[in-house]
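Novice: Following this message is one structure expressed as structure tokens.
The values are calculated or read from the model by the stated rules, or taken from the named source; none is laboratory data. Given the structure is predicted, the values throughout are model-derived calculations rather than measurements. All Cβ positions, even for glycine, are placed from backbone atoms using ideal geometry, and neighbour counts span all protein chains on display. Only protein heavy atoms, including side chains, enter the accessible area calculation; ligands, DNA and RNA are left aside. Shrake-Rupley method; radii C 1.70, N 1.55, O 1.52, S 1.80 Å.
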Amino acid sequence: MIQESELLKKLPFKQNLNHIRTTLGMIRRMDKGYWPCQAVYCLLQTGVEYGALILSAYVVNGLTAGVDFGELMRAAVLVCILLGILKAVSYALKSSMNIRKDLMARRYDSMQKEKLAELDFSLIDSPRLREMQELIQRNNNWGSGIYTVFWYMEPMVTAVLRLVGAVAAGGTVFRYLGGGNTLPSVCVMLTLAVFFLLGMKLVQHYQKIGLYFMYHFPSLEEKKRFSSHTWAFATLGRYQYQNGKDVRIYEAYELMKHWTHDKAQEKGYRDYYVKRPVVGAVGEWAARGAMGGLGTAGAYFLVAWLALRGGIPVGTVILFAGCLANLLESGVSLVLDFQELTLACRKQAGILELLSLSNEMYRGSLPMEKRSDGQYTIEFSDVSFRYPGSDNYALRHFSLKLNVGEKLAIVGRNGSGKTTMIKLLCRLYDPDEGEILVNGVDIRKFRQEEYVRLFSVVFQDFQLFSLMLAENVASSAEFEGERTERCLKDAGFGERLAKLKEEGEGIRSYLYKDYTDAGVEISGGEAQKIAIARAVYKEAPFVLLDEPTAALDPLAEAEIYANFDKIAGEKTAVYISHRLSSCRFCKKIAVFDGGRLVQLGSHEELLAEEDGTYAKLWNAQAQYYQTI
């Protein structure tokens, strides 16, 4: 995978071609008609340009040769009409290309998001993918993603066609120059070629200055000095209305000002972020402009000198001057645009690697048994697991059997393996050792999409969307109104739902204000109730709650647990909690410590073990509720 700093390295020509071929091939797969459309557009544009030159030469030569003026005008009118038609067609093609580019850019972005949604969660959570996503963001920070490829491919195709057109349209004069009778003119052309080579070297020099500024991988000290990096530090990358309260209450403006405005006044900042990019950009375009002006001036000087010597007709001066200027300009453009296109394609390498990733988890083909009675038994058999990139076990030699209809509470200190067990059960990861069985069958053998339908889960870091309340509960654009309201009431959201109904929108109210100012703000506890309602709405045989009441006040917590049996019904329920008082109604409590299951039993049985982990945790929490 390309590292950011490698964008500044010079690669072999063949390797650059491979990057271009891969990227252009991907674009072709998204829209097979785009490249032919672009080729025709560039051909028409070039044809109109040289058609106008040839027409000008024809008219001037005709006038000097005494050709009938009316005949010249009729020919000129016909050619102008033809050129106008070609121009109109090219404009239509350009509009079509712009639409195609927009659609492909959106499709390209969607392909990346779809790929991330399809990949194994173990890959998503791996250091490898995090580095890849960071690299993609950095490489496309200075540019417009796939649009950059379009921007440089079109002038490259045009430059090739203009070169061919220059040689074809100015062929007569080029043959004259090659006849050996015009040594001075050949010397002029060689001088122009030398100046152009020097100019290209100058352009490349200034390009490197700009590229270093854009793609240099900054050191830690550089990150501290420069505001583009420290702004994210000052605001945590999320200066939004939600965190505006903290900025004001804690007077954090001075902190952000220190890391942004004040840093921008330092000499190191001006040298790096002002002088370097300005010198690079101004130098590059000044060199390009000088080459273009020199080429045009040299071309007209040469053809004028040839015309004075009587070597070419007067009208051909216009044609050849245009052809020679195009020849020089397009040659330079071809080289420089090829470099830009190469860089644009290299920046897509990270995205293309992401799109080529394959899932590593085994995909079973066994259909999941659909039981209306919900008779499923789950068993962890000597399971051990380490997170990707970690040498430490999050769960070690874990064995547990969960029978249908049971209510299991899982308690333990932070990092003891509680949430890891839930993730393994949902098959977000596969165990490194041991197996997980459903009705005696290894879960890896089942079809993944059918297996996950067994579970309704409320994770500790659950997410709600800035969509309608009902869509959040149903996880779908289609929902049943009565069922949605019932689930919200069962989850303890009934009082707020009644207020939303009074305001007119009810379950059709939008959450948050990302899409509409009419969106409603909800508290952390209310958000957790909505997440619980979503789990209930799914009607899966297993309900898994990871810290379901962490954001709730004690009264709301009591309300949730009072209705818990009603919410879960005959379903098998597993939930994680730090508040041991919430676990008393469960007949089975699993106690985790250091990635191992250290105790299993009822509340009374575990308290009886005075030296056990559960009793210590219980006594530590109970002291805060005792009356002094």
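Novice: Evaluate the distance, in nm, between pseudo-label points positioned 7 Å from the Cα of Ala52 and of Glu449 along their respective Cα→Cβ axes.
Specialist: For Ala52 paired with Glu449, the spin-label model returns 5.6 nm.
Novice: Rg and Dmax of the stretch 52-125 over Cα atoms: what are they, in angstrom?
Specialist: Spelled out, the Cα radius of gyration and Dmax of the stretch 52-125 are 26.3, 82 Å.
Novice: Rolling a 1.4 angstrom probe over the protein chains, ignoring ligands and nucleic acids, what is the accessible area of Val164 in square angstrom, nearest 10?
Specialist: Rounded to the nearest 10, that gives 90 Å².
Novice: Given a 1.4 Å probe and the protein chains all in place, what does the accessible area of Glu49 round to, in Å² to the nearest 10?
Specialist: Approximately 60 Å² for this residue.
Novice: Whenever you get a sec, line up Trp151, Trp305, Trp35 from highest to lowest accessible area (probe 1.4 Å, protein heavy atoms).
Specialist: Trp151, Trp305, Trp35
Novice: Taking amide H positions as placed in the peptide plane 1.01 Å from N, state which residues far from Val574 in sequence (5 or more) or on other chains have amide H under 5 Å from it.
Specialist: Those qualifying (amide H under 5 Å, at least 5 residues apart or on another chain) are Leu408, Val543, Leu544, Leu545.
Novice: Whole-Hz ³J(HN,Hα) for each residue in the stretch 387-394, computed from phi via Karplus 6.51 cos²θ - 1.76 cosθ + 1.60 with θ = phi - 60°, x for glycine and proline: what do you get?
Specialist: 3J(HN,Hα) across the stretch 387-394, in whole Hz: 5, x, x, 10, 8, 9, 6, 7.
Novice: Given a 1.4 Å probe, how much area per residue of the stretch 50-113 is accessible, in Å²?
Specialist: Result: 60 Å² of accessible area for each residue.
Novice: What do you reckon, how do Lys616, Lys94 stack up by accessible area (1.4 Å probe), largest on top?
Specialist: The most accessible residue leads, giving Lys616, Lys94.
Novice: So how strong a dipole does the stretch 421-503 carry about its Cα centre when Lys and Arg Cβ are +1 and Asp and Glu Cβ are -1, to the nearest 20 debye?
Specialist: Value, rounded to 20: 120 debye.
Novice: Ignoring any ligand, DNA or RNA, what whole percent of the accessible area of the stretch 1-157 comes from carbon and sulfur when the probe is 1.4 angstrom?
Specialist: 62 percent
Novice: Continuing with this model, one more query. Can you give the FRET efficiency for Asp514 and Arg483, using 1/(1 + (r/R0)^6), R0 = 22 Å, r = Cβ-Cβ distance, to the nearest 0.05? Before the final figure, lay out each step's value.
Specialist: Numbers: r = 26 Å, r/R0 = 1.19.
Efficiency at R0 = 22 Å is approximately 0.25.
Novice: Against the empirical 2.2 N^0.38 Å scaling, what ratio does the C-alpha Rg of the stretch 403-535 come to?
Specialist: After normalising by residue count via 2.2 N^0.38 Å, the value is 1.26.
Novice: In addition: Which far-off residues, 5 or more places away or on another chain, put their amide H under 5 Å from the one on Leu395, with H placed in the peptide plane?
Specialist: Phe385
Novice: Starting from the residue with the highest accessible area, list His397, His19 in decreasing order, probe 1.4 Å.
Specialist: His397, His19
Novice: Rounded, prolate or oblate for the stretch 421-462? Axes are the square roots of the Cα gyration tensor eigenvalues, ordered a ≥ b ≥ c, and the cut-off for rounded is a/c under 1.5.
Specialist: Verdict is oblate for the stretch 421-462.
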